[in-house]
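Contents: one structure, followed by commentary.
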Amino acid sequence: MCDSTNKKGQAIFKRYNIEMMKDYKALFDNLMRICLFKASPKDLPDSSNLNIQLLVLYFISGVVLLSSGAALGVAVVEALLEIILLIGFIYAVLTFFNASYRFNQTLAALLGTGIIFTSLSTPFVYINNASRQAENSAGIEGFFLLILFGWSVVVMVKILAEAINKPALFSGLITFCYLYLSYQIINAIYPAIT
C-alpha cells in the first residue's frame with residue numbers, strides 16, 4: 001500500500017516538475033523575445049509570485065556581477081539599492097501615466113531582461129577587471145560590454161514605451177534620467193557602505 005502511494009506521489013511530483021519547467025521555458029522564451037524586440041511585457045503573466053522569483057534571481061545576478069569589483073557586502077547593498085530604485089522608478093512612472101495596472105508585467109519584463117543581460121555581461125566584466133588588474137588595456141571584452149549595455153538600454157526604453165504608451169524618444173529620456181539618477185544615488189551612498 002505504501003509503495004503504490006509513494007509511486008503515485010512520485011508521478012504527481014514528476015508531472016508537476018515537468019509542467020513547471022515548461023512554464024519557466026515559456027517565460028525564458030518570452031523574455032528572450034522581448035530582448036529581440038519580438039514581444040512585449042503584455043506577453044508575460046501578471047503575477048506577483050513571478051516577480052518575487054525574478055527579484056531573487058535579479059538580486060543574485062546583481063551580486064555576482066557587482067562582486068567582481070567590490071567586496072561581497074558592498075555588492076549586496078548595491079544590488080538591494082538598485083532593486084529598490086528600479087521598483088520605485090517603475091511604480092512612480094506607471095502611476096504618473098495612469099498605467100499602474102501594468103506594474104507586474106513591466107516589472108517582470110525589466111527584471112527578466114535585466115537577468116539575461118547581467119548573465120551575458122558577467123563573464124566580460126570579470127575578464128575586463130582581470131585585464132585592468134594586470135594593467136592591460138580593455139580588449140574585446142570592453143567592446144562586448146558596451147554593446148550589451150546599449151542593447152539593454154534600448155530594451156528598457158522599449159519596455160517603458162509600451163508600458164506608458166508613449167513614443168520611444170520620450171521613454172528614452174525617462175530611462176536615461178533613471179539611469180543617471182540611480183548611478184548618482186548609488187555613488188552617493190557607496191562611501192557610506194565601505
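A few notes on this one:
- Some residue of the stretch 124-147 being closer than 24 Å to residue 187 by Cβ and among the acidic types (Asp, Glu): yes
- If the condition is being open to solvent by less than 40 Å² (accessible area, probe 1.4 Å) and not hydroxyl-bearing (Ser, Thr, Tyr), then the stretch 66-84 contributes 70, 74, 75, 78, 79, 81, 83.
- Condition check for residue 128 on (1) surrounded by fewer than 16 Cβ atoms within 10 Å (Cβ to Cβ); (2) at negative phi: one failure, at (1).
- Candidate set: the stretch 28-60, residues that are among the charged types (D, E, K, R) and farther than 18 Å from residue 119 by Cα; chosen: the one least open to solvent (accessible area, probe 1.4 Å): 43
- The residues on offer are 12, 52, and the sole one that is over 19 Å from residue 162 (Cα atoms) and either touching a Gly at 6+ places or on another chain (Cβ under 8 Å) or at pLDDT 90 or above (or both) is 52.
- Residue list for the stretch 135-182, filter: over 21 Å from residue 33 (Cβ atoms), open to solvent by 40 Å² or more (accessible area, probe 1.4 Å) and β-branched (Val, Ile, Thr): 140
Residue-wise test of (1) more than 19 Å from residue 108 (Cα to Cα); (2) over 18 Å from the mean Cα position of the chain (by Cα); (3) assigned to a helix (DSSP H, G or I).
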residue: 125; (1), (2), (3): yes, no, yes
residue: 141; (1), (2), (3): yes, yes, yes
residue: 150; (1), (2), (3): yes, no, yes
residue: 163; (1), (2), (3): no, no, yes
residue: 169; (1), (2), (3): yes, yes, yes
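- Within the stretch 87-102, residues that are closer than 15 Å to residue 170 by Cβ and buried (at least 16 other Cβ atoms within 10 Å of the Cβ) reach partners that are at pLDDT 95 or above and of a type in the set (Val, Ile, Thr) with beta carbons closer than 7 Å, at six or more positions or on different chains, in the pairs 93/164; 93/174; 94/106; 94/164; 99/164.
The values are calculated or read from the model by the stated rules, or taken from the named source; none is laboratory data. Since this is a predicted model, take the numbers as computed values, not measurements. For neighbour counting, all protein chains shown are included, and Cβ atoms are generated from backbone atoms with ideal geometry for every residue, glycine included. Calculation scope for accessible area: heavy atoms of the full protein, side chains included, ligands and nucleic acids excluded. Shrake-Rupley method; radii C 1.70, N 1.55, O 1.52, S 1.80 Å.
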